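A.B. asks: Starting off with a structure, shown below.
The values are calculated or read from the model by the stated rules, or taken from the named source; none is laboratory data. Bear in mind the structure is a predicted one, so any value in this text is a computation, not a measurement. With ideal geometry, Cβ positions are generated from the backbone for all residues, glycine too; neighbour counts draw on all protein chains shown. In case anyone asks, the SASA skips ligands and DNA or RNA and just uses the protein heavy atoms, side chains included. Shrake-Rupley method; radii C 1.70, N 1.55, O 1.52, S 1.80 Å.
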Amino acid sequence: MTHSDDIHDIPEAVSHVCDRLRSAGHRALVVGGSVRDRLMGRRPNDWDVATGARPEEVMALFERAVPTGIKYGTVTVLAGIPVEVTTFRRDGDYLDGRRPENVEYSNSIEEDLARRDFTANALAWDPEAGRLIDPFGGEADIRAGIVRAVGRAQERFREDALRMLRAARFAAELDFTVESQTLAAMSQNAGLIRKVAPERIREELNRLLVAPGVRRGLESLAATGLLSQIIPEVVGAFDICAATPPELPVRLAGLLMPVGGTAPENAANGAGQVLERLKYDRKTTRTVLTLVREGEWEAPDQKEVRRLIARVGREMVPSLAGLRQARNQVSGKPDHDVEALLLGLRDSSNQALTETELVIDGQDLLDQGIPPGPRVGRILKALLEAVLDDPALNTRDRLLELAKRIETN
Ligand code: ATP
Ligand code: MG
C-alpha cells in the first residue's frame, strides 16, 4: 500500500476489483472513508467499492468472495486485501432513528452518495476516468476540516441517531470541526441516541476515545448533551482522559475515574455500571475497574508498591503508570509515584509476587512434616506476605525456617 497522498494511488487489488466489475458491464467506484483518507494522505482502514452490480452478480464474478453483509448488499472480495463491494443503495425507511428496515438497490452512484452520513464520506473515485464524484462539496470540506451532514442534518440524525456520535468521532479522529448547523442538530436531537443499540454506541465511543483529538470529541459530546444521554455519570473534566496514552482501557479509566465521588470503591461501582450498560466485554471491564480502583494509590514505600503490583499483576503496570502519569500531569504533581511503580516493576522481575513464585511450594511444606490441610495454604500466604516485605527471604532455607516458626506459633 502506498503512503503518497495522491488519490490516483490505490492498491492493485482495488483497481483489479473495479476493472473486473467494469468489464462485466457494471459501474464500479471507490467510495466512502477510503476516498476521504486518500485525499487527506491517510492510510485507509479498509477499502470500499460501490457498484451497480447486484450482490449475486458480484459473488459470481469473483472466486474468493464472502457475503459479509448481504442484508445491506455487501460482499467482501478477497483480492490479496479484502475489498468490500456494496451495491448502490438508496436506504429504505428508517425505523425510529435506528438502522433502515430494508435497503433498496439503486443504479445511481449519486443516490448512493446521498444516503451517506457526512460530505467528507460522500465522495466517489472513478479509477478508470481518474475523476472524483463529489456532489456535496466533500473535497472542500475535507480541505477545510469540516464535518457536515449530507443534506439536512436534522433529518439525517432522525433517520439514524448514531450519526451524531459518528460526527464527534470523525472530529476527534480527523481533527475536524463540526459545522454549526450539524452541531445544532446534534444538540436538538441528542435524546434520540437512547434508541440506538448500546453495542453501536460503544463502538463509536471506542473509536473516539483512542483518537488523537479525544478531547475535542468529548467536548462536542458534552456541548451537545450527547454525553449526558450516554454516560450521565461523567461530568465535565476530560483532562486526565485526554492526557492518557491512546489505549482503550486506560482512556476509559481516565474518563470514568471521577465517577461516583472520590472513594475508589464508589468510583469502581459507578464505572462498573457504565461499562455494563454499554456491554463492554469482561476483559475490558475487569481491566478498567482495576485501573479505576487502583488509580488513587499512595505509595509511601517500595513494600507498598510491591503489594500494589502483586494485586494488579505485572502486566497491568504500564497501563496503571500511564493513568498515574496523566493524573499527575493534570494536577501538576511530580511523578515520583510513577517512578516508584516502574522501579517496583523492574525489581519484581526477579521477586515473588504470587505464591507460585515462591521458591518453595505446598509439597515442600508437607515434606517438612506439616500435616496436609488448610494450614498449608495459610502458611504459604504468610510466606508470601513476608517476601513482599523483604524479597531477600525468598530462598529455600529461609522460607523453610520461617515456615517452621509460623507452624509452631
Ligand atoms: P473508518 O473506516 O475510518 O471508520 P469510514 O468513513 O470508512 O471510516 P465506515 O464506518 O467504515 O466509516 O463506513 C463506510 C462508509 O459508509 C462511510 O464513509 C459512510 O459513507 C457510510 N456510512 C457508514 N455508517 C453510516 C451511517 N450510519 N449513515 C450513513 N452513512 C454511513
Ligand atoms: Mg471504512
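A.B. asks: Between Thr284 and Ala140, what FRET efficiency comes out of the Förster formula 1/(1 + (r/R0)^6) with R0 = 51 Å and r the beta carbon distance, rounded to 0.05?
C.D. replies: Efficiency, rounded to the nearest 0.05: 0.85.
A.B. asks: How much area per residue is accessible in segment 196-277 when the probe is 1.4 Å and only protein heavy atoms are counted (Å²)?
C.D. replies: It amounts to 39 Å² per residue over segment 196-277.
A.B. asks: In the neighborhood of Leu345, defined by Cβ-to-Cβ distances under 11 Å, what is the net charge if each Lys or Arg adds +1 and each Asp or Glu adds -1?
C.D. replies: Net of charged neighbours comes to 0.
A.B. asks: Tally up the carbon and sulfur contribution to the accessible surface of segment 222-342 as a whole percent, 1.4 Å probe, everything protein left in place.
C.D. replies: Ligands and nucleic acids excluded, carbon and sulfur give 52 percent.
A.B. asks: Please enumerate, by chain and number, the lysines with C-alpha under 25 Å from the C-alpha of Lys71, excluding those fewer than 8 residues away in the same chain.
C.D. replies: By straight Cα distance, Lys71 reaches Lys195, Lys279.
A.B. asks: Measuring from label point to label point, each 7 Å out along Cα→Cβ, what is the Glu296 to Gln273 span in nm?
C.D. replies: Each label point is offset 7 Å from its Cα along the Cβ direction, giving 1.6 nm.
A.B. asks: Give the ranking of His336, His26 by solvent-accessible surface, highest area first, calculated with a 1.4 Å probe. Kindly include the intermediate steps, with their values, before the conclusion.
C.D. replies: On the way: His336 125, His26 35 Å².
Sorted by accessible area, descending: His336, His26.
A.B. asks: OK, next. Rounded to the nearest 5, what is the percent of antiparallel bridges among the DSSP beta bridges in the chain?
C.D. replies: 75 percent
A.B. asks: May I pose another question? At 1.4 Å probe size, with no ligands or nucleic acids counted, give the accessible surface of Thr177 in Å², nearest ten.
C.D. replies: The accessible area of Thr177 comes to roughly 80 Å².
A.B. asks: Could you give me the percent of Cα pairs per 20 Å distance bin for the chain, shortest bin first, beginning at zero and ending with the bin that holds the maximum distance?
C.D. replies: Histogramming the chain at 20 Å steps yields 23, 41, 25, 11, 0 percent.
A.B. asks: Of Thr395, Thr51, Thr86, which has the most accessible area and how do the rest follow, probe 1.4 Å?
C.D. replies: Details: Thr395 55, Thr51 0, Thr86 20 Å².
Ranked list, largest accessible area first: Thr395, Thr86, Thr51.
A.B. asks: Run the helix sum for the chain: -39,500 (n - 2.57) per DSSP H stretch of 4+ residues, divided by residue count, reported at 222 nm to the nearest 500 deg cm²/dmol.
C.D. replies: Value at 222 nm, helices only, nearest 500: -15500 deg cm²/dmol.
A.B. asks: Rounded to the nearest 10 Å², what accessible area does Arg158 have for a 1.4 Å probe in the complete protein model?
C.D. replies: Number for this one is 130 Å².
A.B. asks: What is the local net charge at Asp389, summed over the other residues whose Cβ is closer than 12 Å to its Cβ (Lys, Arg +1; Asp, Glu -1)?
C.D. replies: Here the count lands on -1.
A.B. asks: Specify whether the C-alpha gyration tensor of segment 75-187 places it in the rounded, prolate or oblate class, a ≥ b ≥ c being the square roots of the eigenvalues: rounded for a/c under 1.5, otherwise prolate if a/b is larger than b/c and oblate if not. Provide the component values of the computation, followed by the final result.
C.D. replies: Numbers: a/c = 1.70, a/b = 1.20, b/c = 1.42.
Judged from the Cα gyration tensor, segment 75-187 comes out oblate (a/c at least 1.5, b/c at or above a/b).
A.B. asks: For Lys404, list the lysines whose Cα falls under 30 Å from its own Cα; do not include residues on the same chain fewer than 8 positions away.
C.D. replies: Partners within reach: Lys303, Lys381.
A.B. asks: Okay, next question. Convert each backbone phi in segment 153-159 into a coupling constant with the Karplus relation 6.51 cos²θ - 1.76 cosθ + 1.60 (shift: θ = phi - 60°), then list the ³J(HN,Hα) values in order as whole Hz, x for Gly and Pro.
C.D. replies: Calculated HN-Hα couplings, in order: 3, 3, 5, 5, 6, 6, 5 Hz.
A.B. asks: Okay, moving on. As an exercise, identify the GluC sites (Glu not before Pro) in segment 225-333 lying in DSSP coil whose Cβ has no more than 10 other Cβ atoms within 10 Å.
C.D. replies: Of the GluC sites (Glu not before Pro), the ones in loops of segment 225-333 whose Cβ has at most 10 other Cβ atoms within 10 Å are Glu298.
A.B. asks: Over segment 288-409, average the accessible area per residue using a 1.4 Å probe and give it in Å², no decimals.
C.D. replies: 53 Å²
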